[in-house]
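Beneath this line is the structure, given in structure tokens, with notes to follow.
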Amino acid sequence: MRIVVSDRGAGGPARELVGNSAAMDAVMHAVRLVAPADSTVLLLGESGTGKELVARAIHRASARASRPFLSENCAALSETLIESELFGHVRGAFTGASETRPGIFQLAHGGTLLLDEIGDLSLRLQGKLLRVLQEGEFRPVGGREMVRVDVRILAATHRDLPQMIDAREFREDLYYRLNVFPLRLPALRERPEDVPLLALHFLGELAAANPGRKWALSAEALDILQHYRWPGNVRELRNVVERATLLCEGSEIGLAHLPDTVVQFALSEPLDGYGEAKGAERLMIENALVRSNGNKARAAAHIGWNRPKLYRRMKRLGIRQGYPDKKGE
């Protein structure tokens, strides 16, 4: 399944939500349900799961599609700056405010505004945001008159907002205003069947950006990618694939082109737990032995193991011991 999310209206390229898993089917079903309404959506999930892409998908499928889609990261700026970015300011409101400047709420009038990392907004600004949600109006920094806007709000966070409410770090009334339609995005480790489709999709994007270059993933590399836990989720997978294309001088990406952390995590799992990854481990060990001309100490160091671990894995996998042992092993 590929859902195209066009950013061309904002001057950017088209991007896609990619996935065939039941988890992603549920996400896209929820998008289709909520997009036509004007309800506030609270996007939940770990960093890197694609919350902004889902927000754009909601906007593009809504009646506001021809109007602006804007996004603001509430964790990226200081409290003073984020207030000015959100609500604008009048001339002379603070040092350096040489002219009146509209905030992102005004710029998004008639369209959709994504407030990313909403859990990082200060309690004072949470109160000001609550008024916008309730009344559709706000006062710019240093201003006296209220400004009315018509904006659909989408909010996103990786934080546990109910826990923050208990700790008095997030307003309960704002939470219930935002939590009209909660939509949780699955972590990539919860949908490993989507990893091959995503990896191939990223390779296609990179090939399009590099005319004359095409890459394929070896079966061993693809198996390793599926058995990694991806703490950085889809964003991390995209970075790993791009790094592999930079390291790969040919056309096939293998284990040697993947980060050691990815390979070692998958291969450190119990043998019965990763199935076909046993074949990838065998290939990695044999390649390391060939590269080291049979020196098991160097082969183990290349993989990131010690010699005893290498010997144990060779024995369990039935790898022949006939590689010559070099002096100094």
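All of the numbers you see were taken from the coordinates with simple rules; none came from a lab. Just so we're clear, the structure is a prediction, and the values are computed from it rather than from any experiment. Here Cβ is always computed from backbone atoms with ideal geometry, including for glycine, and neighbour counts include all displayed protein chains.
Across the stretch 111-124, coupling constants 3J(HN,Hα) worked out from phi with the 6.51/-1.76/1.60 Karplus curve, θ = phi - 60°, read x, 10, 10, 9, 9, 7, 6, 4, x, 9, 6, 5, 4, 5 Hz, and Gly and Pro carry x. Normalised by the number of residues in the stretch 191-317, the mean separation of alpha-carbon contacts (under 8 Å, six or more apart) gives a relative contact order of 22 percent. Computed on the chain, with alpha-carbon pairs under 8 angstrom and 6+ residues apart, the relative contact order is 16 percent. Most simply put, the chain has about 30% antiparallel DSSP beta bridges, counting only bridges with both residues inside it. Across the stretch 169-180, computed HN-Hα scalar couplings (Karplus, 6.51 cos²θ - 1.76 cosθ + 1.60, θ = phi - 60°) run 10, 9, 6, 5, 5, 5, 4, 6, 5, 7, 8, 5 Hz from first to last residue, x flagging Gly and Pro. Taking all Cα pairs closer than 8 Å and separated by 6 or more residues, the relative contact order of the stretch 2-186 comes to 29 percent.
Among H59, H109, what is the fewest-to-most ranking by other Cβ atoms within 10 Å? Kindly include the intermediate steps, with their values, before the conclusion.
Working: H59 23, H109 15.
Exposure proxy ranking, most exposed first: H109, H59.
Between E190 and A256, the FRET efficiency estimated from the beta carbon spacing at R0 = 30 angstrom works out to 0.55. How many Lys pairs in the chain lie less than 16 angstrom apart by Cα atoms, where the lysines are 8 or more positions apart or on different chains? Close lysine pairs under the 16 Å cut-off: 6. Residues F94, F202, F105, arranged from fewest to most other Cβ atoms within 10 angstrom of their Cβ, appear as F94, F202, F105.
One entry in (i) 34, 24, 18; (ii) 82, 41, 16; (iii) 49, 21, 19 is semi-axes √(5λ) of the Cα gyration tensor in Å calculated from the shown coordinates; its label is (iii).
Inter-label distance, R159 to L70: 2.3 nm, where each label sits 7 Å from its Cα along the C-beta direction.
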